[in-house]
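Report on one structure; see the data block that follows.
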Number of protein chains: 2
Amino acid sequence: MATRNDRAERNDRALLQAARAVLAEDGAHASVATIAARAGVGIGSLYRRYRTKEELFQRLSVLSLEHWIEAAEQGLADPDPWAGLAGFIKDSVEFGQGTMAPIAGAIEVTDEMSAKSRRGDDLLDALVRRAHGAGTLRPDVTVTDISLMIEQLGRSPLVDQLRKQGRDDLLPAATQARARLITIALDGLRSGSPDRLPGDPPGEELFIARWAPS
Amino acid sequence: MATRNDRAERNDRALLQAARAVLAEDGAHASVATIAARAGVGIGSLYRRYRTKEELFQRLSVLSLEHWIEAAEQGLADPDPWAGLAGFIKDSVEFGQGTMAPIAGAIEVTDEMSAKSRRGDDLLDALVRRAHGAGTLRPDVTVTDISLMIEQLGRSPLVDQLRKQGRDDLLPAATQARARLITIALDGLRSGSPDRLPGDPPGEELFIARWAPS
DNA sequence: CTGTTTGCGGAGCGATTCACTCCGGTGCAA
DNA sequence: TTGCACCGGAGTGAATCGCTCCGCAAACAG
């Protein structure tokens, strides 16, 4: 029917997907021209849908937060506390939650964003508490440790760069290599690890501060 | 005595240190103006010492590789194979070896760079083989896995961004938080981990390709 | 103390890139 | 065929890039 709307919707999806990819590759200086080109869409069309670059990134943030919430809910739905937590971490890392980090502080946080962020934090908190209760998660690990790990593993310099160089042939190998790292890290999260974690447990203020305007 | 040379040398050190810091914060689009300003040095002075931006980055690469080699030698000097490897990994991550990744492919690789890189690879290989022989390192982990882990942990988006925002008060907490992640990852590297690592072992071609000109 | 040298900081240069505007063209709806 | 909604991308001023050049001050030789 509405072939016009169909196309518009397809363009919108392509734009958001391209924005995520370009953000991962170019980091903070991702340009709208690159995003539009990657989406196969004119710059003019991008600006009809989003009045400004910031608005596009805000929309992208909301979508990422929604994915994050959904993944946490799925993890809680798993009857096995450890499998639920591990699946959530794997999903978040592979989805690329960490790619949002470069724009933190550079865009204004909308009410919708902070609401969804709070909701996600609560879910993750429940997920971690449940794993602690079951005794499968090493007791000295905190929620912030896990958030930090997801962010740290979520940006793969190697994958980003290979993509930028157009070495798409090596991409599967690089992604697989990262999957191995995730497994290693997850094993380190299990109970019964030999070393005590050093230092004081990190607080939430680390993650709150970064979204403050610079 | 040679107060002139003294000052020049101090400037040079400040430049290199600033270059490393700015590279960590701004990534690929680190500008010479920013580097000079951070070092408290005029742009003109920077260009007396290094004919071009590329030359500065090449020098920085050599110094990083030298640190990498030295850390590996120290690790091999440790009589305990596991402690030697773990210390090497910790040192490399905290030194920030990963911050060099953004300029890979953007600068030409000098002969000195590739020679030192080869030397470092050999040392790391020996370090890993020794740990495997002692049985303390999980057998399915390869040298590439470890290189990748160092790079992945070596860039801390959180630390970089907090520094960019001038929240120096939170820096110690953020660094400490990363130290916890290193411990977790190291525990995951130990023998006796429950999960087999997924996928095929990654090959070296991943790291070789990235230094090729795009 | 004087004249020379040496390294210094930063204004300025052309080229490039940025986010964003504006308009002629295209193809669907009637 | 006519009207028009939407599209792509050339164009715009501003900002930033790597780099050059020059006036200046301090350290040297005499």
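Within segment B:11-86, report the GluC sites (Glu not before Pro) that DSSP leaves as loop and that have at most 16 other Cβ atoms within 10 Å.
Details: sites: B:E25, B:E54, B:E55, B:E66, B:E70, B:E73; in loops: none.
Sparse-neighbourhood loop GluC sites (Glu not before Pro): none present.
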(request) Output the relative contact order of chain A, whole-number percent, from Cα pairs under 8 angstrom with separation of 6+ residues. (result) 23
(message) Angle check, please: helix A:143-154 long axis (alpha carbons) against the longest principal axis of chain A (alpha carbons), in degrees 0 to 90, nearest 10.
(response) 50
(message) Quick check on my link table: of A:K164/B:K90; B:K90/B:K116; A:K90/A:K116; A:K116/B:K164; A:K116/A:K164, which ones sit more than 23 Å apart, alpha carbon to alpha carbon?
(response) A:K164/B:K90; A:K116/B:K164; A:K116/A:K164
(request) Would you please name the trypsin sites (Lys or Arg not before Pro) within segment B:10-110 that are DSSP coil residues with at most 11 other C-beta atoms within 10 Å of their C-beta? (result) B:R51
(message) What does the C-alpha gyration tensor say about the overall shape of segment A:7-134? Classify as rounded when a/c is under 1.5, otherwise prolate if a/b is larger than b/c, or oblate.
(response) prolate
(request) Would you please classify the overall shape of segment A:125-181 from the alpha carbon gyration tensor, given that a ≥ b ≥ c denote the square roots of the eigenvalues, rounded means a/c under 1.5, and beyond that prolate means a/b larger than b/c while oblate covers the rest? (result) prolate
(request) Using DSSP to define loop residues, name the GluC sites (Glu not before Pro) in segment B:151-205 whose beta-carbon has at most 16 other beta-carbon atoms within 10 Å. (result) B:E204
(message) Using helices alone, I'd like the mean residue ellipticity at 222 nm for the protein assembly as shown: each DSSP H run of four-plus residues gives -39500 (n - 2.57), total over residue count, nearest 500.
(response) -22500 deg cm²/dmol
(message) I want to verify a result. In a Gaussian network model of chain B, Cα cutoff 10 Å, which of these has the top mean-square fluctuation: B:A71, B:A115, B:A21?
(response) B:A115
(request) Using Cα centres only, tell me the gap between segment B:22-49 and segment A:185-203 in whole Å. (result) 38
(request) Quick one: with label points 7 Å out along Cα→Cβ, list the inter-copy distances for B:L171 in nm, shortest first? (result) 3.8
(message) Can you give the log10 of the normalised intensity I(q)/I(0) at q = 0.09, 0.12, 0.17, 0.21 Å⁻¹, computed with Debye over equal Cα scatterers of segment B:59-214?
(response) -0.31, -0.56, -1.09, -1.44
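All of the numbers you see were taken from the coordinates with simple rules; none came from a lab. Quantities reported herein were computed from a predicted structural model and do not represent experimental measurements. Note that each Cβ is placed from the backbone with ideal geometry, even for glycine, and that neighbours are counted across all protein chains shown.
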